[in-house]
1. Sort out which residues of segment 38-52 are more than 25 Å from Ala3 (Cα to Cα) and in a helix (DSSP H, G or I), and write them in order of number.
2. Can you tell me which residues in segment 5-48 are over 24 Å from Arg69 (Cβ atoms) and among the acidic types (Asp, Glu)?
3. Name the single residue that is farthest from Val28 (Cα to Cα) among those in segment 53-79 being at pLDDT below 55 and assigned to a strand (DSSP E or B).
4. Considering only residues of segment 1-37 that are in a helix (DSSP H, G or I) and not hydroxyl-bearing (Ser, Thr, Tyr), which is surrounded by the most Cβ atoms within 10 Å (Cβ to Cβ)?
5. Which of the numbered conditions does Ile16 fail, given that it passes all the others? Conditions: (1) more than 12 Å from the chain's Cα centre (by Cα); (2) modelled with pLDDT under 95.
6. Going through segment 1-45 one residue at a time, which ones are among the acidic types (Asp, Glu) and in contact with a Gly (Cβ under 8 Å, 6 or more places away or on another chain)?
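The values are calculated or read from the model by the stated rules, or taken from the named source; none is laboratory data. What you see is a predicted model; the values in this text were computed from it and never measured. Every residue, glycine among them, receives a Cβ derived from its backbone with ideal geometry; neighbour counts consider all protein chains shown.
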Amino acid sequence: QEALERIMQGRTSLVIAHRLSTILAADVILVMNEGRLVEQGRRSSSQSAHEELLARGGLYANLYQTQFRAIYQPNGGLKAETLV
């Protein structure tokens, strides 16, 4: 992940990813379903593209919730579990 961020820094990059953790910091996120563009999020001064798409509650939010599920730990804390 860090290696990808270093390589892409200061460049326009197209990343196709199934793991959403790969694109969390992207300036623009395009969500495709069955060959069609179904959602688009863009970084703004107030929120990231990721946050915008989560707030919409659409396909991206559903995929994110499926991949990253909060698991309660015995010590009372939370741990994000990657499912994919």
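1. Glu52
2. Glu5, Asp27, Glu34
3. For segment 53-79, the residue satisfying everything is Tyr72.
4. So in segment 1-37, the residues in a helix (DSSP H, G or I) come out as 2-8, 20-22.
Narrowing the set further to residues that are not hydroxyl-bearing (Ser, Thr, Tyr) leaves 2-8, 20.
Numbers: Glu2: 6, Ala3: 7, Leu4: 13, Glu5: 11, Arg6: 8, Ile7: 10, Met8: 14, Leu20: 19.
Per the stated criteria, the residue is Leu20.
5. (1)
6. In the first step, residues of segment 1-45 are kept if they are among the acidic types (Asp, Glu); the result is 2, 5, 27, 34, 39.
The one that is among the acidic types (Asp, Glu) and in contact with a Gly (Cβ under 8 Å, 6 or more places away or on another chain): Glu39.
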